[in-house]
Structures are given as structure tokens and as C-alpha cells.
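Working notes for the structure below.
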Amino acid sequence: MRRPLACVSLLQTAALSLALVACPLSLTAQSNIPADAPYRNPAAPVEQRVADLLARMTIEEKATMLSGSGWMESAPIYRLGIPAIKMADGPMGVRSWAGSSAVTSAANGPAAKVLATSFPSGVTMAATWDTELVQQEGQAIAQEVKALGRDMILGPTVNINRVPLWGRNFEGYGEDPYLAARLGVAYIKGVQGEGVIPSVKHFAANNEEFERHRIDAHIDERTLHEIYLPAFKAAVEEANVWTVMSAYNKVNSVHCAESTALLTDVLKKEFGFKGFVISDWGSTYSTAPSVNAGMDLEMPGGQPMQTWLARASTQASGNGAGWLTAEKVLAEVKAGHIKEATLNDNVSRILRVIFASGLFDHPHPGGGEVDTPAQQAVALRGATEGLVLLKNAGSLLPLDAAKIHSIAVIGPNAAVARTGGGGSSLVRPAHAIAPLDGIRDRAGSNIDVKYVLGVGMEGEDPIQETPEARANLLRQATETAAKVDVAVVVVGRYPKLESEGFDVKTMDLPAGQDELIEAVEKVNPHTIVVLNTGDAITMTKWLDTTPALVEMWYGGQEAGHALASVLFGDANPSGKLPVSFPKRFEDSPAYGHYPGENLKVDYAEGIYVGYRYYDTKNVEPQFPFGFGLSYTTFTYSDLQAFPLEIATGPKSSPMPLVLLEVKNTGTSDGAEVVQLYIHDNHSKIDRPAHELKGFQRVELKAGEEKEVTFLLGREDFAYWSPTKKAWVAEPGKFEIQVGSSSRDIRLRAPLELKK
Ligand code: BGC
């Protein structure tokens, strides 16, 4: 079959362009490849197809595959019918693939071409503790990826929330490696189940944005294995993830993109990863060392990469790119610095994913529908289940629509839908429901809903430039709040203050927001404070007098409706914090070891991250990990733990080992997230007070009781031994704890681990 002329001429140019990527595969596979070549047979085993195709490739073609052909496309080889993998950012929906964040943010203006469902941020989904829902979210996003003609979504983000100031905390699944692992696995299964390629990121220890290209995270081996790697391990071992994205930063003095310790020893050998490693965008700094360390695909590539790299700002921020071009790779192969066997391994990994995902046989032509009612429903459920009710003094909530006549919705985040934090994850939706919209829709015509800004958003609203203007805004807010039945103050940050690319400056709310809350609370005793943030903020100034407090995170396009449904009691809140909220930044475990000095950050707190720190060192957080209120009450009883079965081995042959009863003792239907922690009574080494090793979100009708069952394996009792270089479960006495948060343990049972 003849290749279209346009494609031929483009192929002859040095740089593979986006236009080339668009050449239809069916027109390009060459006739001299027999139709019955094993690699072209969809029924042949993947490994056979990989081996057959690899054997037909020239060394030049192999080298071409190690770098992208464009901003978001891998290199196609038309002679053999190898398609480009067409990517899109993620993780909470499909973002434009037009170029760097700067380019796509501009493209995200009113004329945006890519309008996709904006799903709730990672931290919101983590607050649902609902693995089934996260899997549905992954599936829905994958369907949109295909509908838009792409093949790969750059997510999920499973980096651990180490410091409350990390600019990307909103993207990840919180502070606990077990929770992050469960949710990462669920997301990946949802995506891969649709034949779409996910990329679990960023491997590893991308826990701050400060100098993210240059920062060198010093982390001991045990901490790496117990805190920062488990979500990646689970992604590989349980979800069989197809790609892993390396991080920008250095770990123990080596850039992740050229870390043999991470990419080869841990990921490929220890975890058994069979897919390909993709660099973060501009995270490579060498040719042979990167390839030999296990880097398989450098992104971006082609002309878009060259143009971007030539910019002073790209260089200044420390990006590295253009190291794995065919020319450079071939030169290193010829010089003997890269073995052909290594190149074969890189290419085999990429081919394996192209075959395993179905992309080779069933390309995604696009032209499908996105933002469908079904996808919106997933986004709405995520935003609703992820809402965390933190305080409800005097049962102000839920609001009784029959008794309320007026509501004032106040604040810089009230009338604008702040769907996500900033950076590569920010999706442009076709519509988004702000808190004010949601409350208005729900309140109907019998309740008068007023809106006042109260304070402009820091850095956004010129309206508050003078002290007079600020006083005026505040006065309008208090005057309105004083006259209504209920005041809802929606505060928080926005993408210019909480984003990829820089850390959040302070745990305090942006300028004027504390004062707004205090002033409104003074004039209206029925004030509900709503936080629209990706992580904890300091609330000591007003919390004692605040009647009701809700964390809505960045809940995506449906968040306004989700908020209203919880405020009015149509939905019973069931979200639980996936991260501890400290009282002050100074109380957080990494305080004093962040952001580091001279571009080196020492993870001196070791394994004591989040509740492992607060609960072991007895530092009282503002709100503990796993905490969240409901409009109903739950009791826990009849805990039983079976010690004998524990010796039977890993979860692959699980036995029901922990049983308990949970009852909804209130008058409304609701859901409880039952959490299981393990406490080690006897360890010879230092271990945290307890560690989360199981959870279940249980829906219970009013008065209903259910048995909850947990399956445990030896690994749930283990710690990482740097001397043995293995997970070690020491036989002896443990305690099983079940409860409603890390600090609300309701039942305990001893359990002995036999040899
Ligand atoms: C981010 C990644 C993202 C990539 C492509 C990088 O700056 O760290 O998470 O997937 O850009 O946009």
C-alpha cells in the first residue's frame, strides 16, 4: 500500500512532526511486510508479536522510538505500522495536549478546543475512600480519552503528601501509602480496562515543587520502601500498570530519569515492571546513563521539544530534554556505551504496551462524545462522597429547606467554580457549577439566596486594592450576613496560589479570608465555612466559634451541586480526610526539613509521615487522618481476629481474618468508612503507633447493621528491612484496631503472628 505523499515528505525531514503523527496507519503499513507476519496477528500472544516486530526493525528505527515525535506523541514507525501513542494530561480528566502548561492554559481560554469533564481532584477522590468509584472514574476518563482520539492519560498521581505546602497535594491521594496504593490500583484498572494507557507518576518522591528539577531528596531505604514506593509497587504488582513516569527531582543524589537504583533495581527487578518508563516532560539530563538506568521513552520530542527547550525560561527552571533523540542514541550505541540488547529492551517495552493495550489493532480515531450524563454522574458522585464534614456544632447541618428563608453565599470562592489546582492537571470543562450556582439550584424559589464577594481573591481581584475598597467589601458581607438565616462562607485558594510548578507559600488562608470568616461569624451564629483547598489550612483564628465546617477540596465541575446536596441533607456526608490537618505548619513532621538547603532536602522525619508522626509522637492535629462526620451515627461491635490463619500466607490466598459488626444507629441513611490499623506490640525496630492496612466504605440504611470483613496477609504486618533488603513480618503479638479515624479507634483485638 502506498503511503500518502504528505507523509513521505514529512518522514524525510529530520524532525517527526505532529502532522506526521496524524497519518492514518491503515494507509502506511508497507506492502513488503507479509500480511501473516505474526506481529500483525491480533490473536498471537503479545510476547510473540513483540519479538517478531522487534526482529524486523532496523537499529535506526529502534533508536527513533526512544523519544517523542511531538509534545504529546511518541514516535510512529510507519514502515511497520507502529502507531504513535497519543497522550493527554490527566489525571482528573482530559486536558488539552496542545503543548506545555503555558500553551494549554492559554488555549484553555474561551476558545478552548478541548472541553472534557473536569473530575474531582485526586485528594477529593481519596477522601471518598471508595475504590469502586475511583475505578469508575478511571474508566470514565479513559472513555473520554478514546472519544477525543487519544491513547494515553498521564495519571494517576500517587506521590505522598509529605508537607502541607506541596503545590500538587490536590493531585495526589493523601499521606498514606496504603490508601494511595488502593486508589492508584483502582484508577489504573479503570483506565486499562478500556484499553487506554495510564501513567502512574511521578516515580519517585516528587513531594515538593520548590526547584523540582534540581532538588535532591535524601531518603533512607526503609522510608522509601514504606512510604514513597508502595503505591508504585501496587500499581505494578496488582494493576500490572503499562507505564510509569519518572519524576523531575533527584533521589539520593541521582536524577530519577537516570537512577539505576530506582528504574532498574526497584521498578524493573524488585517489582517486576514489564511496561515502559516515560520521562516527565523535560526531566532527562543524559543519553547513555538514562538509557542504561532504565529510561525507555523521553518526552517531549521533535520540533515542539526543540522550540520549548530553546526558551530561556525552560532552561532557567532546569528542564533537560533532547537527550534521547535517535541521533544521540545511535551515536552512543555505536560508541559501545549503550548495548543493542538494552535498546531492544526499551523498544520491546513500548511495543508490549502498544500490543497489550490493543492500540496496534484498534486505533482510537476520535470523534466520540465526552461529558456525557454518565461521566458527569461519576464526577458528581466523587465530589459528593469526597466532601468532608469537619465540624457540625449544634447540628446546624443539614439545613432544613422548609424552615430557611434566606441564605447569603459569601467569599472569593463562592461564585467561581474552582474545579482544580493549577498546572498540567487542570481540565477545561464545558460547564462547571460554583457553590453559589449549586446552592441556588437546590434552594429553589422559596429561599432567597444572596451573594457577596466579601474579599477579593489574593492576586486576582483588583477590586480590593485600597483599604477603603476592602473595608467596603467586608461591610457589604457583614450587612448581608446579619440579615439572613444562614451564611455560607466559601474560602480557599485557586490555581494561581495552589499549583504544579511552585509550592503554596503559607498554610494560612489567602489575604483577608480569615478576617471575612471572623466578621461573618460575629454577625450570624448560623455560619457554615466551606474550604475549597487541596490541603490543610490554618484555622485557629476562627475554628472555636465556627458552627459548621466543610472541606470541599477541588471537586471538579459538579462540586457546586455536591456541596448543596450535602448542605441540604440530600446526601449524607461520608468523606474522610486522606491527610492529617495539623494545627500549624510548625506541627507538621517535615517542618524544619523542607524545602531543604542548597538544593538538598533531607527526609529526616523518615517513616513518620502524617498520622504515623502525629499518633506516635503525640502531637495533636487539628483534624486527624481518616476523620469526617456524618448526619448519622455508627457503632462498632463484635470484633473478632483469627490468629491461626495469619500463617497461611499472602493475600493471594486470603482468608477472612477480621470480622466486626457496624450499625447505623441514627435516623438517616449514610456511609461509614471503617478503617483497620495494625499496631505492632513487640517489634525489635522502631515502628509507628499504627498503620492503615484495610478500609471499607460501608453504606448503611438507618438502623441497618452489616458484617464487615477484612482480609490480611503477612505483608500487612511487615516492615522493610534495609539489612535483609526485604519486607519482614516478625512473628509475635500485634493489635488489630478498627475505627472511624486514626484517633478514633473503636475496637481492638490481639492477634498473634505465628512463624
Ligand atoms: C508534569 C507531569 C505532566 C507533564 C506533561 C509535567 O510538568 O509534572 O505531571 O504529565 O508535565 O504535561
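The values are calculated or read from the model by the stated rules, or taken from the named source; none is laboratory data. Since the structure is predicted, the reported quantities are computational estimates derived from the model, not experimental observations. Neighbour counts run over all protein chains shown; Cβ positions are idealised from the backbone, glycine included.
Structural remarks
- Complete set of residues in the range 469-520 that are of a type in the set (D, E, K, R), touching a residue at least 60 places away in the same chain (Cβ under 8 Å) and within 21 Å of Gly167 (Cα to Cα): Arg493, Lys496, Glu498, Glu500, Asp503, Lys505
- Selection from the range 195-225 of residues that are in contact with a Gly (Cβ under 8 Å, 6 or more places away or on another chain), more than 25 Å from Ser313 (Cβ to Cβ) and surrounded by fewer than 23 Cβ atoms within 10 Å (Cβ to Cβ): Gly195, Asp220, Arg222, Thr223
- Considering the range 298-344, the qualifying helices (runs of 4 or more DSSP H), each wholly inside and each with 3 or more residues that are more than 29 Å from Gly501 (Cα to Cα), run over 326-334.
- Residues satisfying the stated conditions in the range 689-715, i.e. in contact (Cβ under 8 Å) with a residue 60 or more places away in the chain, over 22 Å from Ala127 (Cβ atoms) and assigned to a loop (DSSP other than H, G, I, E, B): Ala689, Ala702, Leu712, Gly713
- For the range 475-588, the strands (runs of 3 or more DSSP E) that sit wholly inside it and include 1 or more residues that are among the hydroxyl-bearing types (Ser, Thr, Tyr) and in contact with a strand residue (DSSP E or B) (Cβ under 7 Å, 6 or more places away or on another chain) are 527-532.
- Scanning the range 467-499 for residues that are within 16 Å of the ligand (Cβ to nearest atom) and surrounded by fewer than 21 Cβ atoms within 10 Å (Cβ to Cβ) turns up just one, Pro495.
- Pairs are defined by a Cβ separation below 8 Å, a sequence spacing of at least 6 or placement on different chains, a first member in the range 525-554 that is free of Cβ contacts under 8 Å to residues at least 40 places away in the same chain, and a second member that is buried (at least 23 other Cβ atoms within 10 Å of the Cβ); the pairs so defined are Lys541/Ile517; Trp542/Ile517; Trp542/Val529.
- Here is the figure for the range 447-488: residues that are over 24 Å from Tyr554 (Cα atoms), at pLDDT 95 or above and among the charged types (D, E, K, R) total 5.
- Scanning the range 199-231 for residues that are charged (D, E, K, R), assigned to a loop (DSSP other than H, G, I, E, B) and within 26 Å of Val94 (Cα to Cα) gives Glu208, Glu209, Arg212.
- Of all residues assigned to the range 592-599, none qualifies as being of a type in the set (Ser, Thr, Tyr) and closer than 30 Å to Gly444 by Cβ.
- For Tyr677: the one exception among (1) assigned to a loop (DSSP other than H, G, I, E, B); (2) closer than 20 Å to Phe625 by Cα: (1)
- Flag if Ala234 is in a loop (DSSP other than H, G, I, E, B), in contact (Cβ under 8 Å) with a residue 12 or more places away in the chain, in contact with a Gly (Cβ under 8 Å, 6 or more places away or on another chain) and buried (at least 21 other Cβ atoms within 10 Å of the Cβ): no
- Residue that is at pLDDT below 95 and either more than 16 Å from the ligand (Cβ to nearest atom) or surrounded by 19 or more Cβ atoms within 10 Å (Cβ to Cβ) (or both), where the choices are Gly444, Gly420: Gly444
- Matching residues, the range 610-656, being at pLDDT 85 or above, surrounded by 14 or more Cβ atoms within 10 Å (Cβ to Cβ) and touching an Asp or Glu at 6+ places or on another chain (Cβ under 6 Å): Gly610, Val619, Phe634
Conditions tested, residue by residue: (1) aliphatic (A, V, I, L, M); (2) modelled with pLDDT under 95; (3) under 27 Å from Phe360 (Cα atoms).
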| position | (1), (2), (3) |
| --- | --- |
| Ala111 | yes, yes, no |
| Phe119 | no, no, no |
| Met125 | yes, no, no |
| Leu133 | yes, no, no |
| Glu137 | no, no, yes |
| Ile141 | yes, no, yes |
| Ala147 | yes, no, yes |
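- The set of residues from the range 65-112 being more than 13 Å from the ligand (Cβ to nearest atom), of a type outside the set (A, V, I, L, M, F, W, C), outside any loop (DSSP other than H, G, I, E, B) and over 30 Å from Asp36 (Cβ atoms) comprises just one member, Ser67.
- Taken over the range 210-230, the criterion of being within 15 Å of the ligand (Cβ to nearest atom) and in contact with a Pro (Cβ under 9 Å, 6 or more places away or on another chain) is satisfied by Phe210, Glu211, Ile215.
- Some residue of the range 246-263 being surrounded by 24 or more Cβ atoms within 10 Å (Cβ to Cβ), charged (D, E, K, R) and within 13 Å of the ligand (Cβ to nearest atom): no
- Pairing residues of the range 206-225 that are under 20 Å from Pro156 (Cα atoms) with residues that are away from the ligand (no atom under 13 Å from the Cβ) and in a strand (DSSP E or B), at Cβ distances under 6 Å and at least 6 apart in sequence or on separate chains, gives His225/Trp720.
- Figure legend. Inter-residue proximity from the range 278-289: first residues in contact (Cβ under 8 Å) with a residue 24 or more places away in the chain and closer than 11 Å to Asn319 by Cβ, second residues aromatic (Phe, Trp, Tyr) and more than 9 Å from the ligand (Cβ to nearest atom), beta-carbon distance below 8 Å, spacing 6+ or different chains. Indicated pairs: Gly282/Trp308; Thr284/Trp323; Tyr285/Trp323.
- Whichever residue in the range 280-295 is in a loop (DSSP other than H, G, I, E, B) and either closer than 9 Å to Trp323 by Cβ or more than 22 Å from the chain's Cα centre (by Cα) (or both) and, among such residues, is farthest from the ligand (Cβ to nearest atom): Thr287
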